[in-house]
Amino acid sequence: MEIAVVDYKGGNVQSVLFALERLGAQPILTADPEVLRRADKVLFPGEGEASSAMQALQESGLDLVLPTLTQPFLGICLGMQLLGTHSDENDTPMLGLLPFQVQRFVADADHKVPHMGWNNLQDLRGPLLAGLTEADHVYFVHSYYAPVGPYTIAQAEHPAPFSAAVQHRNFYGVQFHTEKSGGVGTRILANFLAL
């Protein structure tokens, strides 16, 4: 099975590669459209800022390639947010693969921004999250979020509910870091490889 990891100079790529290798995969880090098209699975990790990431995708032409992919596709953290239509972070148009607009968390006395640390998942649905329960916790680091909508397959709260995982057709996304979420994150990556 050929696993491609999108190379657009986003952060946190190495830890995603290592997590896949621990599962026995041999991922390829690539920006080559033909490699991405023929891969069995595509992962789209990221840490950073939305407008810089979109600029990198546009400069490489990947903004036109990624929406055409038909195999299972997983966006992680910023990689999930970029699947939406627009981000409030620097007023950024995004890939438009899922019908959500990314918004900034509002801090209060009990909830800091960024949302950083372990949080549990709620209302889990679909094969990506098979075998998980609402007692399971995953690791988040983010200041922006996708609201809950018809595409949401798991929620978390900070303090209001937000989309912790999404799906539309072959496109999946998780707001948390699978590669930093211990056994739960490993289970999610294994589920993705089994799709």
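The values are calculated or read from the model by the stated rules, or taken from the named source; none is laboratory data. Bear in mind that the values here come from a model prediction, so they are computed numbers and not experimental data. Backbone-built Cβ (ideal geometry, glycine too); neighbour counts: all protein chains shown. All accessible areas refer to the heavy atoms of the entire protein, side chains included, with ligands and DNA or RNA removed. Shrake-Rupley method; radii C 1.70, N 1.55, O 1.52, S 1.80 Å.
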Problem - Gain upon complete extension [A160, E34; 0.36 nm per residue less C-alpha separation] - result: 41.3 nm
Exercise for the section: Calculate one ³J(HN,Hα) per residue across the stretch 16-21 by plugging θ = phi - 60° into the Karplus curve 6.51 cos²θ - 1.76 cosθ + 1.60, and present them in order as whole Hz with x for glycine and proline. Expected result: 5, 4, 5, 4, 5, 5
Exercise for the section: Compute the accessible area per residue over the chain, keeping the other protein chains in place, probe 1.4 Å, unit Å². Expected result: 42 Å²
Practice task
Tell me the label-point distance for the pair H137, S51, using the 7 Å Cα-to-Cβ offset, in nm and rounded to one decimal.
Solution key: 3.6 nm
Practice task
Could you calculate the contour length gain from F18 to H111, that is, 0.36 nm times the residue separation minus the distance between their Cα atoms, to one decimal place in nm?
Solution key: 30.3 nm
Completion exercise
Ordering S51, S163 by the accessible surface of their heavy atoms, 1.4 Å probe, largest first, yields S51, S163
Handout entry: Equivalent ellipsoid, the stretch 89-195 (semi-axes from 5 times Cα gyration tensor eigenvalues, Å)
Key = 21, 18, 12
Fill in the blank from the handout: With x for Gly and Pro, the residue-by-residue ³J(HN,Hα) of the stretch 72-83, computed from phi through the Karplus equation 6.51 cos²θ - 1.76 cosθ + 1.60 at θ = phi - 60° and given in whole Hz, is x, 9, 10, x, 10, 6, 4, x, 6, 4, 5, 6
Fill in the blank from the handout: Length-normalised contact order of the chain, Cα under 8 Å, at least 6 apart, in percent, tallies to 19 percent
Problem - Entry for volume of the Cα convex hull per residue in Å³ (calculated from the structure that is shown) out of (i) 99; (ii) 172; (iii) 110 - result: (i)
Practice task
Could you calculate, for the stretch 55-127, the ratio of the Cα radius of gyration to the Kirkwood radius, expressed as Rg to Rh?
Solution key: 1.02
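Suppose every K and R has +1 on its Cβ and every D and E has -1 on its Cβ; what is the size of the dipole of the stretch 105-160 about the Cα centre, in Debye to the nearest 20?
On the way: 2 positive and 6 negative charges, 35 e Å.
I would put it at about 180 debye.
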